[in-house]
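Accompanying notes for the structure given below.
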Amino acid sequence: MVSAAFVAPFLADTTNSFLLAAARLPGVRLGLVTTASLDQVPAEIRHALAGHYQVQDGLDPQQIADGVRGLAGQVGEVERLVAILEQLQVPLGQVRDGLGIPGMGEAVALNVRDKARMKDVLRRAGLPCARHQLVHRVGEATAFRDLVGFPIVAKPPDGAGAKATFRLDTPADFDGWLAMATADPGEAWLLEEFLTGREHSFDSATLHGRTLWSSISDYVPPPLEVVRNPWMQWTVVLPADIGGPEYAEILRVGPQAIDALGVTDAFSHMEWFARPDGTVAISEIGARPPGAQISPMIGFAHDIDFYDLWARLVVTDRFDRPDRVYACGTAYLRGMGRGRVRAVHGIDQLQRELGHLVVRAQLPQPGQPAATSYEGEGFVTVRHEDTDVVRVALERIVSLARVEFVESD
């Protein structure tokens, strides 16, 4: 019997899927550390839990440690401490170190959370990544600008995904960003050279220091372009076959990068670029399962329950390598403007044309507020044995579906 604690500051739908899978594992007593009271936990999860501990701040390492100790009387001494949020990587590492719980400690967590430190580690290991500079002063920022030229990417060093990330194309862009960045003298920023090429993800499972399995996704267009254009509908494709020459280099380099960062037991999500000259460059890595609907897409592509696969790896040190049997892809539906959703056009026609391919959908609903995330107001996921069929279907969805907003008071 394994006693484990799952830290979930807030019980969002995605978090609940991972939490329920962990709570249902045979031979596992799972306790939950969360800001939610027990009666706020969904009944299905509540009945599967062996313990619950409420905290005021689910990101605070001291409160997490108190929660883990508090769960001991309910589930026994905690042997595994898990979560899915990127923002929890370092706090959980601190708690594991402090309480002697096996798993990723603070030093490795900083390698995958601090993007400047990450790139320093990768470059020392001879692995390809963007030139970068952690800047605290104006002089450092301008020196990096003069070194690499435009475009430049600016992001927080502990950012997640494409949040708070800016592409600076001109001196005016740079000056505008600099005014914002210097508004808080204590804030540090990471500047990177802008990588060109096709953007992808490399998702993998590592156990006892060995990468046992990996999955590749193709982004069209790149997420940073999507962030800059809030109206743009975009797609992610998991090709049915990732054994071709276009993916050979990342299949070689990806596991080396995970090893260099010290990640030994985790699902990891890596963003990378295929450059025009055939080389690859690593953008960033998180020791967490992927977001943006990629986790369920991996499940559909391999015809498995991805949440159960993740839970078995991180809680019980078990991993059964799945076979990829389908191509899968998601189209992200986004409207132009602000306010609330008035209507979604083109859905009836898409249902007639492509309904047989759809395995999951969350359509924007009238009255729904405009999304604050680049994932948009809704999505449609399709699956087929042929990757080209999936790509064509996604192109049809983003060309025909249109989310209409109405201005709200």
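The values are calculated or read from the model by the stated rules, or taken from the named source; none is laboratory data. Predicted, not measured: the structure shown is a model, and the values here were computed from it. Neighbour counts are summed over all protein chains in view; Cβ atoms, including those assigned to glycine, are modelled from backbone coordinates with ideal geometry.
Look at the range 359-377: where a residue is in the same structural domain as Ile397 (by TED's automatic domain parsing) and closer than 19 Å to Leu394 by Cβ and a partner is buried (at least 17 other Cβ atoms within 10 Å of the Cβ) and among the hydroxyl-bearing types (Ser, Thr, Tyr), sitting 6+ places away or on another chain with Cβ atoms under 7 Å, you get Val359/Thr381; Arg360/Thr381; Ala361/Thr381; Glu375/Tyr332; Gly376/Tyr332.
Out of Gln87, Gln94, one residue alone is under 23 Å from the mean Cα position of the chain (by Cα), under 30 Å from Gly176 (Cβ atoms) and assigned by TED's automatic domain parsing to the domain that holds Asp13. It is Gln87. Among the residues of this structure, Leu81 does not count as one that is in a helix (DSSP H, G or I) and either crowded, with 17+ Cβ neighbours inside 10 Å or of a type in the set (Gly, Ala, Ser) (or both). Going through (1) touching a strand residue (DSSP E or B) at 6+ places or on another chain (Cβ under 9 Å); (2) crowded, with 19+ Cβ neighbours inside 10 Å one by one, Arg275 falls short only on (2). When residues in the range 1-22 are screened for being within 18 Å of Ile64 (Cβ to Cβ), aliphatic (A, V, I, L, M) and more than 22 Å from the chain's Cα centre (by Cα), 1 of them pass. For residues that are touching a residue at least 12 places away in the same chain (Cβ under 8 Å) and not polar (S, T, N, Q), scanning just the range 175-186, find the one that is nearest to Ala141 (Cα to Cα). Restricting to residues being touching a residue at least 12 places away in the same chain (Cβ under 8 Å) and not polar (S, T, N, Q), the top hit is Leu178. Name every residue in the range 14-53 that is farther than 15 Å from Val75 by Cβ and among the hydroxyl-bearing types (Ser, Thr, Tyr), in order of residue number. Across the range 14-53, the qualifying residues are Thr14, Thr15, Ser17, Thr35, Ser37.
Note on the range 57-91: residues that are farther than 29 Å from His269 by Cα, among the polar types (S, T, N, Q) and out of contact with any Gly (no Cβ under 7 Å at 6 or more places or on another chain) amount to 0. Of the residues making up the range 92-104, those that are under 18 Å from Leu261 (Cβ atoms) and buried (at least 19 other Cβ atoms within 10 Å of the Cβ) are Leu92, Gly93, Arg96, Gly103, Met104.
Quick grid of which residues meet (1) crowded, with 20+ Cβ neighbours inside 10 Å; (2) modelled with pLDDT of 90 or more:
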residue	(1), (2)
Ala172	no, no
Asp175	no, no
Thr182	no, no
Ala188	no, no
Arg198	no, yes
His208	no, yes
Ile216	yes, yes
Trp234	yes, yes
Gly243	no, yes
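When Ala331, Ala370 are checked against the criterion of being over 29 Å from Ser204 (Cα atoms) and buried (at least 19 other Cβ atoms within 10 Å of the Cβ), a single residue qualifies: Ala370.
A quick yes/no check of all residues on (1) surrounded by fewer than 21 Cβ atoms within 10 Å (Cβ to Cβ); (2) without any contact (Cβ under 8 Å) to a residue 60 or more places away in the chain:
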residue	(1), (2)
Ala107	yes, no
Leu110	yes, yes
Arg117	yes, yes
Leu122	no, no
Cys129	no, no
Gly139	yes, yes
Arg145	yes, yes
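Ser17 falls short on exactly one of the conditions (1) within 19 Å of Gln94 (Cβ to Cβ); (2) surrounded by 16 or more Cβ atoms within 10 Å (Cβ to Cβ); (3) in contact with a helix residue (DSSP H, G or I) (Cβ under 7 Å, 6 or more places away or on another chain), and that condition is (1).
Restricted to strands (runs of 3 or more DSSP E) entirely inside the range 295-403, no element has at least 1 residues that are over 25 Å from Ser17 (Cβ atoms) and among the polar types (S, T, N, Q).
Residues are listed down the side, and each one gets a yes or a no for (1) assigned to a loop (DSSP other than H, G, I, E, B); (2) in contact (Cβ under 8 Å) with a residue 12 or more places away in the chain; (3) β-branched (Val, Ile, Thr):
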| position | (1), (2), (3) |
| --- | --- |
| Ala5 | no, yes, no |
| Thr14 | no, yes, yes |
| Leu20 | no, yes, no |
| His47 | no, no, no |
| Asp57 | yes, yes, no |
| Ile64 | no, yes, yes |
| Val68 | no, yes, yes |
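Might you check whether a residue that is among the polar types (S, T, N, Q), closer than 19 Å to Leu190 by Cα and under 19 Å from the mean Cα position of the chain (by Cα) occurs anywhere in the range 118-134? Scanning the range 118-134, I find no residue that is among the polar types (S, T, N, Q), closer than 19 Å to Leu190 by Cα and under 19 Å from the mean Cα position of the chain (by Cα), so the answer is no.
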